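The values are calculated or read from the model by the stated rules, or taken from the named source; none is laboratory data. Note that the structure is a prediction, hence the values are computed from the model and not measured. Note: ideal-geometry Cβ built from the backbone for every residue, glycine included; neighbour counts use all protein chains shown.
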Amino acid sequence: MNNKILIIPGTNTLEKVTNSYFLFPLKDFSIGYEKKFTLEEIPNHSYIYINRLLDHEDILKFQTLLPLIQEKVKGIVFEDLGILEILRENKIQVETIFYPSHAICSSYTVNSYLEEMDTVILSNDITKEEIQEILTKASKPIGMLIYGHLPYMYSRRTLLTNYEKNFNLPIQKVKKIKEPISKQEFLVFEDEKGTILYDPCVYENRYFLSASNISYFLIDLNMIEIKNVKKFLEEWLKNESKNNTTSGFLNRKTIYRLPPKGGKND
Amino acid sequence: MIELLAPAGDLEKLKFAFHYGADAVYIGGQNFSLRANAKNFSLEDIQEGVSYAHKRGKKVYVTVNIIFHEEDVNGVEEYLKKLDEIGVDAIIVSDLYIVKLARKLGLSLEVHLSTQASVLNESAALFYKKLGVKRIVLAREASKEEIAAIKKATNLDLECFVHGAMCTSFSGRCVLSNVITNRDANRGGCAQVCRFTFDAQEKNVFSMTSKDLNMISHMNEMIKLGVNSFKVEGRMRGIYYIATVILSYRRLIDKIKANTLTKEDEAYYLRVLNRVANRESASQFFESLPTEKEQYFLGRQEVSNQDFLGLVLDYDSENKIAKIEQRNYFKVEDQVEFFGPNMETFSYQIHKIENDQGENIEIANHPNMIVYLKVDKPLQKYDMMRMKVFDKQRNL
C-alpha cells in the first residue's frame, strides 16, 4: 500500500501505521469532534482539519494563525474555500486538500477543483462504481474516507440545546435519535458552532486498497473505540470483511426524480 | 441596484410574479435544477418567459444548481449554450464545474453562485469572484456582520433570501433525504427529512424543524448593508402566495426608496404575510443565532390557507361587473377584499352572485367556476379577491 493515510485521532491515541499522518481537528475551527487540538499542541509537519463553514470572525482569527501554520503545518484539509483564498493571498506553502462532504460527485467537478488546489476528498454519497470512474478520469490523485462515522447533515443551529431547552431537559451534547418508519438512527453531536448528524454505524470502504490515482485514505476515529480501529486495519490489510458496519452509499444508487404514475423512473 | 426576485415554477407564475412587482424571477429547467419534481420549464417555456420579461425590462435567471454526478453531465454544455442563445440573464449554479464551463464557453449570461454553496465569508466570496462569478446568493445563515464584510471586501452583487422556507442544515450540506428515502437532496430530490419527527430516549419526540424566514422588519437595514437582490423562496408555491408576498415586498421597497416607510406599514405587511404563510416565521440568523424559539418541536405544523377566493378575469367598467374565476368557497353576505398591483386594497361585501348562465346563486362552491359580481370600484384583469381578515385598511 503506497498511498498515504490521514488519521483523525479520537479521544484515545492510536499508534501511527505505515505511511500515515495524523490529521488534527483544529480547535475553534472544527465541528463534531470529541477531541480538538490547538496549533501549539500538534507536532511539526502535521495536517490540520477545518471542517466548518467559517464566518467573518473566524476568518479574522484564522489570519492570526498564519505564521504558526507556515511553521508547523504540512497540509490543511478544509471545507470552506475561504481557507484556500487566504492561503493563496498570503503565499502560505502548505498542501491544500478540499473536503466538502457532499459536493464532489463527478470527475468533472473533481478536475475543476484540482485546477485550484493540491487534492480533494471525494463525497461520501456516491457509489463505488462512480468512485472508480472518477479515479480513472481525475487529473491528479484524490482522496477518500475509508473508515469512520459518516456525517449526514451539518447545521449552524444548536439543535440539541434548543430541543433540551424547549422541554426543560438536562443539556447533553450527544444524543441518539431514530426515524421511526425507516428505523434509521442518527448520532446528533452538538458543539458551540453548530450540530452534525452522524451515522452511528461505522462506515467502511475496503474496495480501493489497491486502486491507483489515490492521494489519501482518510480514517476518522471520532467516537470510535481504538480496538475496533486496529481490527479494521488488520482486516483491511488482509482484505477481510466485517459485520456491523455500513457501506454508506457505496452500493446504493440514489434517485432524484420520482417515477411517473404507472411507469418506471427514467 | 435593488431588485425584488421572485420564484416561478411555471409560465403562469412567472407572469403573475412580474405583474405583482417582481424585477426578476428565477426558474428551473427540466434538467440540472433542484426541485426536480416540480413542473419546471421546457426550453420553449424559458424562451417565452425571457421574451415576456425582456419586453417589460425585467430579468430571468435559470437555476443549474445540482451537484453533478457522472451520469448527469450529458447535454449540459448544449443546454448552457441554448440558455445563452435564448437570452437568459443569468444562471444560478453551485457546482464549480458549471462555473468554469460557463466561462470556457464564453457565454454572455452572468454566473450567479447558488446558496447551495453556502458562502458565509468574504474570502470564500473572493475565491468565486476571481472565477468570474458576478453575484453570490449568500448562505441563509449569513448574519448582518457577514453580509457587511462580504460586501466591503468584494463589492459583488449580493443576493439574500428574505422570505420563505428554511433548511435546518446549511444548504448543500445535507443528505438526510438520501439516507431515509434514497432521494438525492443535492440533485433536487429532497424529501424534507428535517421536517420529520424522530424518537429520542425521552418521552418527547425530537424535532429540528425550522420556522420560516421573514425579513420585513429588516429590509431597510439590508438595503443599507448593500444587499442588491431580495429573494423570495418558493418555486412550488401558487399564484396567490406569489402575488401576496411579492406585492408586499414591492410596496415595502418602494416606500423605503421614497423614504416614506413607517412602523405601521411594516406591521401591516407583516400581518398580511403571516396570514398567507403556512408556518410561523422569524428573521433567523440576521441578528443572532436562532434559538429554540425559531424552531418547531412537534413535527410539521402547517396550516392550509383558503383565503384566496377568486381571480379577476375581466372587468366591464361601463356596467361595473367583475368576471371572477372561483378559487375557494364564498357566498352572499361575505366580507371580502380586492387587491392588485395597480390599486389600493379595498373591502367589499358580496350582495349578489351571478353564475355564467345569468342566474343568481347564493354560494360559489365549485373550483374554477365563473361568476359575476357587481363591484363599483374599478378592477383589472389578474387582481385577486381574498377573504377579509383585518379590520384596519391600509393601502396594499
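Descriptive notes on the structure:
- Output for the range A:48-71, where each listed residue is over 20 Å from the mean Cα position of the chain (by Cα), away from chain B (no Cβ under 12 Å) and in contact (Cβ under 8 Å) with a residue 12 or more places away in the chain: A:65, A:66, A:68, A:69, A:70, A:71
- When restricted to residues that are under 23 Å from residue B:19 (Cβ atoms) and either under 25 Å from the mean Cα position of the chain (by Cα) or not in a loop (DSSP other than H, G, I, E, B) (or both), the range B:345-378 contains 10.
- Selection of the range B:144-166 for residues being surrounded by fewer than 21 Cβ atoms within 10 Å (Cβ to Cβ) and under 29 Å from residue A:124 (Cβ atoms) yields only B:165.
- Test for residue B:173: is it under 20 Å from residue B:208 (Cα atoms), basic (Lys, Arg), in contact with a Leu (Cβ under 9 Å, 6 or more places away or on another chain) and crowded, with 22+ Cβ neighbours inside 10 Å: yes
For (1) more than 14 Å from chain A (Cβ to nearest Cβ); (2) within 30 Å of residue B:70 (Cβ to Cβ); (3) not aliphatic (A, V, I, L, M), each residue gets a yes or a no:
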{"position": "B:169", "(1), (2), (3)": "no, yes, yes"}
{"position": "B:199", "(1), (2), (3)": "no, no, yes"}
{"position": "B:220", "(1), (2), (3)": "yes, no, yes"}
{"position": "B:234", "(1), (2), (3)": "yes, no, yes"}
{"position": "B:244", "(1), (2), (3)": "yes, no, yes"}
{"position": "B:247", "(1), (2), (3)": "yes, no, no"}
{"position": "B:255", "(1), (2), (3)": "yes, no, yes"}
{"position": "B:269", "(1), (2), (3)": "yes, no, yes"}
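- Being closer than 30 Å to residue B:367 by Cβ and either more than 16 Å from the chain's Cα centre (by Cα) or assigned to a strand (DSSP E or B) (or both) holds for only one residue in B:314, B:265, B:254, and it is B:314.
- Each residue in the range B:285-314 was checked for being more than 27 Å from residue A:156 (Cβ to Cβ) and either among the small types (Gly, Ala, Ser) or crowded, with 18+ Cβ neighbours inside 10 Å (or both), and 7 of them qualify.
- If only residues of the range A:175-195 that are buried (at least 18 other Cβ atoms within 10 Å of the Cβ) and of a type in the set (A, V, I, L, M) are counted, the one that is nearest to residue B:120 (Cα to Cα) is A:188.
- Which numbered condition residue B:249 fails, given (1) over 14 Å from the mean Cα position of the chain (by Cα); (2) within 19 Å of residue B:382 (Cα to Cα): (1)
- Qualifying position, being crowded, with 23+ Cβ neighbours inside 10 Å and touching a Gly at 6+ places or on another chain (Cβ under 8 Å), among A:123, A:155: A:155
- All of B:282, B:185, B:200 fail the test of being crowded, with 16+ Cβ neighbours inside 10 Å, more than 26 Å from residue B:344 (Cβ to Cβ), at pLDDT below 95 and under 18 Å from the mean Cα position of the chain (by Cα), apart from B:282.
- Within the range B:67-98, being among the aliphatic types (A, V, I, L, M), under 23 Å from residue B:7 (Cβ atoms) and within 8 Å of chain A (Cβ to nearest Cβ) holds for one residue alone: B:67.
- Meets criteria (closer than 30 Å to residue A:159 by Cα and crowded, with 16+ Cβ neighbours inside 10 Å) for residue B:330: no
- A Cβ distance below 6 Å, combined with a sequence gap of six or more or placement on separate chains, defines the contacts here; from the range A:112-135, residues that are free of Cβ contacts under 8 Å to residues at least 24 places away in the same chain reach residues that are basic (Lys, Arg) in the pairs A:112/B:100.
- Filtered residue count, the range A:196-216, keeping only those that are at the interface with chain B (Cβ under 9 Å from one of its Cβ atoms) and surrounded by fewer than 22 Cβ atoms within 10 Å (Cβ to Cβ): 1
- The strands (runs of 3 or more DSSP E) found entirely in the range A:72-172 include none that carry 3 or more residues being within 10 Å of chain B (Cβ to nearest Cβ) and over 27 Å from residue A:59 (Cβ atoms).
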